[in-house]
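Please read through the structure below; I'll follow up with questions.
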Amino acid sequence: MNFLSHYYFDRDTTDCYFTLGTVLPDLLKNADKTIVLHPEKLIHKDAKVNSIIAGWNKHLLVDKHFHSADFFLTHSHNLKNLLAPVIAGSPVKPFFLGHIAIELILDNLLITTNEISVNDFYGHLDNCEEDVIREFLSFAKLENPQIFFNFFEEFKRSRYLNTYINIGQITYALKRICMRVWRNPFTPQQEEEMTGLLLNYRLNLISGFMSIYHEIEEKMKSADGL
């Protein structure tokens, strides 16, 4: 799942460090795709650092449930098949595009149906103290944390996730993700056709997309014995 979908599950928390932890694996990946950390079993003397670790573990659990759900498997496969002819000649693999597209569409739907507040999400990130984040990254053995902070400050400043309200920006986000691997992944015509396709697919999802969030919530409650 993408940033805002992860935030949905803990949108009512008052712990900014837990919120940060729920999206930190993806933030680090965006900052530098070569970063690999495994803080899952670490325990720190600082409760705030431990909140980040707890949020990190929640992220892994949500992704595990999401990627094994019929919802994800069905819609990523459908989008792969629909996008394949549109991106013919592109170096991008359709299955990769289908995977990312459904995650971005879900973020768009959370915003446009007012299930979450993007400003509240960014407010949590703004409230996190840099020293606490640095301590977590050092504890998790990240060698050059400044790479992350350079990205993180721009991520907060730009409020980029607000643009997900526009389906055209979903196409742009897909392009940006693909550009980490391929320099010129799509032609302007392909981007235009992708936008139309994603818009139509989104319209068909509106009435039932919350089912995946409810399913994951039930699975997590069952695992906790609630």
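The values are calculated or read from the model by the stated rules, or taken from the named source; none is laboratory data. Here the structure is a predicted model, which is why all the values come from computation and not from measurement. For neighbour counting, all protein chains shown are included, and Cβ atoms are generated from backbone atoms with ideal geometry for every residue, glycine included. Calculation scope for accessible area: heavy atoms of the full protein, side chains included, ligands and nucleic acids excluded. Shrake-Rupley method; radii C 1.70, N 1.55, O 1.52, S 1.80 Å.
Please label the shape of segment 28-160 as rounded, prolate or oblate, based on the square roots a ≥ b ≥ c of the eigenvalues of the alpha-carbon gyration tensor (a/c under 1.5 means rounded; beyond that, a/b larger than b/c means prolate, else oblate).
It comes out prolate by the Cα gyration axes.
Using only helices, what value at 222 nm comes out for the chain when you add -39,500 (n - 2.57) per DSSP H run of length 4 or more and divide by the total residues, to the nearest 500 deg cm²/dmol?
It lands at -22500 deg cm²/dmol.
Can you give the accessible area per residue of the chain, in Å², using a 1.4 Å probe?
Averaged over the residues of the chain, the accessible area is 49 Å².
Still on this structure, I have one more. If you put +1 on each Lys and Arg Cβ and -1 on each Asp and Glu Cβ, how big is the dipole of segment 5-143 around its Cα centre, in Debye rounded to 20?
600
Once phi is turned into ³J(HN,Hα) by the Karplus curve 6.51 cos²θ - 1.76 cosθ + 1.60 with θ = phi - 60°, what whole-Hz value does each residue of segment 195-212 show in order, with x for glycine and proline?
Karplus-based 3J(HN,Hα) across segment 195-212 equals 4, x, 5, 5, 4, 5, 5, 4, 4, 6, 8, 3, 6, x, 5, 5, 4, 5 Hz.
Counting only residues 5 or more places away or on other chains, whose amide H sits under 5 Å from the amide H of D46 once H atoms are built in the peptide plane?
none
Also: With viscosity set to 1.567 mPa s and temperature to 4 °C, compute the Stokes-Einstein D of segment 10-71, Rh being the Kirkwood radius across alpha carbon pairs; µm²/s, no decimals.
Taking Rh from Cα pairs, D becomes 105 µm²/s.
Now for a different question. Check each of the trypsin sites (Lys or Arg not before Pro) in segment 42-74 and keep only those in coil by DSSP with at most 11 other C-beta atoms within 10 angstrom; list them in order.
Here the sparse-neighbourhood loop sites are K45.
Taking +1 at the Cβ of each Lys and Arg and -1 at the Cβ of each Asp and Glu, which of V92, V36, S158 sits farthest along the dipole of the chain towards its positive end, judged by Cα position relative to the Cα centre?
V92
I've got another one for you. I'd like the Kirkwood hydrodynamic radius of segment 41-105, using the inverse of the mean 1/r over distinct C-alpha pairs, in Å.
13.9
For segment 1-130, which whole percent of the accessible surface, found with a 1.4 angstrom probe, sits on carbon and sulfur atoms?
52
For the chain, place one equal point scatterer on every Cα, skip the solvent, and apply the Debye formula. What is log10 of I(q)/I(0) at q = 0.08, 0.12, 0.14 Å⁻¹?
Computed log10 I(q)/I(0) values: -0.30, -0.68, -0.93.
Taking just the C-alpha trace of segment 117-196, give me its Rg and Dmax in Å.
Radius of gyration, then largest Cα-Cα span, for segment 117-196: 16.4, 47 Å.
Related question: Among the listed pairs K80/K156; K58/K175; K33/K175, which are separated by more than 20 Å between their Cα atoms?
Distance filter (> 20 Å) returns K80/K156; K58/K175.
Which of rounded, prolate, oblate describes segment 83-157, given a ≥ b ≥ c as roots of the alpha-carbon gyration tensor eigenvalues and a/c under 1.5 marking rounded, otherwise prolate only if a/b is larger than b/c?
Oblate.
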